Amino acid sequence: MTTTTPAPPLTTPSRVDHVFPTLTAVQIARLGTRGRVRRVAEGEVLVEVGRAAASIFVVTEGRIEAVRSGGGAQAPVAVIGPGQFTGEVSVLAGRPGLARIQVAAAGEVIEVGREELLALIQTDGELSDVLMRAFILRRVELIKSGVSDVVVLGSTHCQGTLRVRDFLTRNGHPHAVLDLDRDAAVQELLDRFQIKPGDIPVVICGTVVLRNPTNQLIADSLGFNAAIERTHLRDLVIVGAGPAGLAAAVYGASEGLDVLILESTAAGGQAGSSQRIENYLGFPTAITGQELAARAGKLMIGSEAKRLSCDRKPFAIDIDDGPRLPARAVVIASGAEYRKLAIANLSQFEGMGVYYAATRMEAQLCKDEEVAVVGGGNSAGQAAVFLTDHASRVHVLVRSDGLADTMSRYLIRRIEDHPKIEMHVRTEIVALEGDRHLERVRWRNNRTGDQETRVLRHVFSMTGATPSTAWLHGCVALDDRGFIKTGQDLTPEDLTAAKWPLARAPYLLETSLPGVFAVGDVRSRSVKRVTAAVGEGSMAIAAVHQVLHE
């Protein structure tokens with residue numbers, strides 16, 4: 001997509017300069033080496049709304065407009081003049097556009113194709129920063145201005161609605177929301193589309209109506225993966241776009257490998273559920289999952305790995321539907337999921353009062369209310385501090401005597417010093433109560449046995465981790481907790497059982513299957529920190545190169 005929509009007003013000149021920068025003559029010349037110069041006529045349509053953009057356009061003479069249709073009329077939403085360029089993050093993924101890009105005044109442009117643009121981002125640091133900043137800021141303005149072809153029809157009491165909104169938000173796709181519980185005009189929509197209670201949530205994409213869709217169906221309908229050739233044999237397929245997977249992809253792509261990342265939800269993984277990924281190697285001021293994904297090669301969103309076919313080479317990964325994804329090497333970065341509370345009726349409240357991430361989406365639901373955060377790790381600590389900006393009070397529940405053994409000191413200090421946070425040690429939730437939505441929580445002090453019931457509608461569960469390895473179906477050796485064993489952790493017995501075929505020992509991050517690596521939280525004995533995951537992802541690429549040359 002190449003829509004360039006500012007959300008009025010852009011309050012400061014410096015922000016305008018960042019969203020719509022004017023390139024220098026030297027920068028334009030470098031872009032010219034990647035593209036082709038051509039004349040354009042007034043009224044010529046360069047990119048049609050709803051179609052994937054194959055190029056960006058740098059204006060050297062004349063003027064280009066991005067226009068939106070509504071109410072039978074067209075309105076310009078951005079004007080691109082000499083020295084400026086079209087495009088935003090969707091052009092990098094080959095996704096459909098939200099606006100028509102047409103010529104307002106005849107002139108000349110440099111057309112830079114998508115593949116050439118991706119190569120430029122990998123090799124030209126200065127232009128990469130200019131382009132990426134503009135693309136990301138334009139997407140932010142699109143979201144703020146509500147320019148969208150997607151409407152979500154759902155309820156705040158519906159787990160599926162929260163999932164759909166989280167998926168669209170984390171992938172940066174603008175959307176409007178109609179709340180069934182609050183919008184008086186919703187009945188008309190229900191009648192028009194013959195929507196039944198079991199169909200909620202409904203996602204309307206232009207003329208297409210999706211009833212309670214999966215993430216993959218939404219991604220396919222919006223063209224998220226339209227530019228990806230699934231049957232193409234790649235050097236490397238990475239399963240999981242968390243910090244470890246993105247690091248492997250960024251370094252692999254920058255070193256010339258043909259890389260594809262497979263991700264069921266959104267770039268960034270658990271770290272990407274916050275607004276920015278902190279302490280990412282090479283990006284000391286933090287970076288978003290979208291920014292990293294743009295540097296990381298091709299990203300397939302909404303598709304979940306179902307099985308690794310490991311009995312022959314090249315390897316192949318089965319996804320939800322369609323052809324297998326072939327690969328000469330595989331990096332497993334599928335991460336781990338928080339363990340669920342041992343409460344019989346937990347599933348009744350998942351997404352309706354019990355959450356496994358603390359993003360702005362969930363924070364909006366608990367504004368000025370009391371909330372509980374369960375867990376003593378860094379994720380729980382970060383969630384507790386973040387939620388203080390929205391909730392009236394945050395209760396932190398841990399089963400141990402304190403946080404010193406499980407949480408970073410800087411977080412402990414912030415929790416101890418914050419007036420809105422109340423610690424409950426040796427405490428665990430024993431009951432959840434409510435009708436359609438969570439209404440009350442009962443917890444027990446395991447030291448005294450005393451139980452307390454609180455009127456509390458939101459619980460954030462961040463306790464322990466279960467590795468996402470069920471899809472591997474015995475292809476690689478696991479430890480007794482289900483995490484993947486690699487390198488020196490693989491015993492002679494493990495290698496014998498796996499029929500290790502090579503004279504050499506497994507590389508540092510290599511599994512019991514040659515050419516398959518594991519990095520990040522899914523790996524046995526890994527350090528559960530973002531910076532450690534990033535380091536593993538980048539280190540794995542050196543071994544991938546060695547395997548590909550064997």
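Tabulated results
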item: Among 461, 476, 503 - extreme Cα towards positive end, dipole of region 452-507, charges at beta-carbon; result: 461
item: Full-extension gain in nm, residue 207 to residue 151, via 0.36 nm per residue minus C-alpha separation; result: 19.1 nm
item: Amide N proximity, region 234-262 versus residue 549 label position 7 Å along Cα-to-Cβ, cut-off under 15 Å; result: 255-257
item: Whole-Hz ³J(HN,Hα) from phi, Karplus 6.51 cos²θ - 1.76 cosθ + 1.60, for region 507-514, glycine and proline x; result: 5, 3, 10, 7, 7, 6, 10, x
item: Residue 425 versus residue 33: modelled label distance in nm, points set 7 Å from Cα along the beta carbon direction; result: 6.2
item: Inter-probe distance in nm under a simple model that places probes 7 Å from Cα toward Cβ, at residue 320 and residue 26; result: 4.8
item: nm² value of the averaged projected area, convex hull over the Cα atoms of region 304-356; result: 5.6
item: Among 200-213, 326-339, 481-494, the order from most to least packed when residues are scored by Cβ within 10 Å on average; result: 326-339, 200-213, 481-494
item: Cβ-derived FRET efficiency at R0 45 Å, residue 309 paired with residue 389, nearest 0.05; result: 0.45
item: Region 304-443 - Kirkwood radius from inverse mean 1/r over Cα pairs (Å); result: 17.6
item: Projected label distance in nm at residue 400 and residue 473, using a 7 Å step from Cα toward the beta-carbon; result: 3.8
item: Mean Kyte hydropathy of 0.0 or more with a Cα span along the axis of at least 18 Å, helices from DSSP in the chain; result: 125-145, 530-549
item: Sequence of 57, 386 when ordered by accessible area, the most exposed leading, probe 1.4 angstrom; result: 386, 57
item: Placed amide H near residue 395: partners under 5 Å, 5+ positions off or other chain; result: 371, 372, 373, 422
item: Length added when fully stretched, residue 255-residue 502, from 0.36 nm per residue minus Cα-Cα; result: 86.3 nm
item: Accessible surface of the chain, 1.4 Å probe, proportion on carbon and sulfur as whole %; result: 50
item: FRET efficiency estimate (nearest 0.05) - Cβ-Cβ, residue 133 to residue 45, R0 30 angstrom; result: 0.65
item: Cα centroid separation, region 237-270 to region 462-525 (Å); result: 19
item: Ranked packing of 149-160, 343-354, most packed first, by mean Cβ within 10 Å; result: 149-160, 343-354
item: Region 422-541, accessible area per residue, ligands and nucleic acids excluded (1.4 Å, Å²); result: 47
item: Packing-based ranking, highest mean first, of 301-313, 433-445 given that Cβ atoms within 10 Å are counted; result: 301-313, 433-445
item: Selected from 517, 443, 491, residue furthest toward positive end of dipole (region 401-550; charges at beta carbon); result: 443
item: Radius 13 Å from Cβ of residue 352, net charge of other residues (Lys, Arg +1; Asp, Glu -1); result: -3
item: Zone residues, region 378-411, relative to residue 453, backbone N less than 13 Å from point 7 Å out along Cα-to-Cβ; result: none
item: Largest-first ordering by accessible area, 1.4 Å probe, given options 499, 340; result: 499, 340
item: Binned Cα-Cα distances of the chain, short to long, each 10 Å bin given as a whole percent; result: 3, 17, 25, 25, 19, 8, 2, 0, 0
item: Cβ-based net charge around residue 112, under 11 Å, with every Lys or Arg adding one and every Asp or Glu removing one; result: +1
item: Entries of 298/340; 144/367; 367/528; 144/528 with Cα pairs more than 24 Å apart; result: 298/340; 367/528; 144/528
item: Point-charge dipole on Cβ atoms (K/R +1, D/E -1) for the chain, about Cα centre, debye to 20; result: 260
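The values are calculated or read from the model by the stated rules, or taken from the named source; none is laboratory data. Keep in mind the model is a prediction, meaning the values are calculated, not measured. We place every Cβ from the backbone using ideal geometry, glycine too, and count neighbours over all the protein chains shown. Quick note on the areas: whole protein, heavy atoms, side chains included, nothing else; ligands and nucleic acids left out. Shrake-Rupley method; radii C 1.70, N 1.55, O 1.52, S 1.80 Å.
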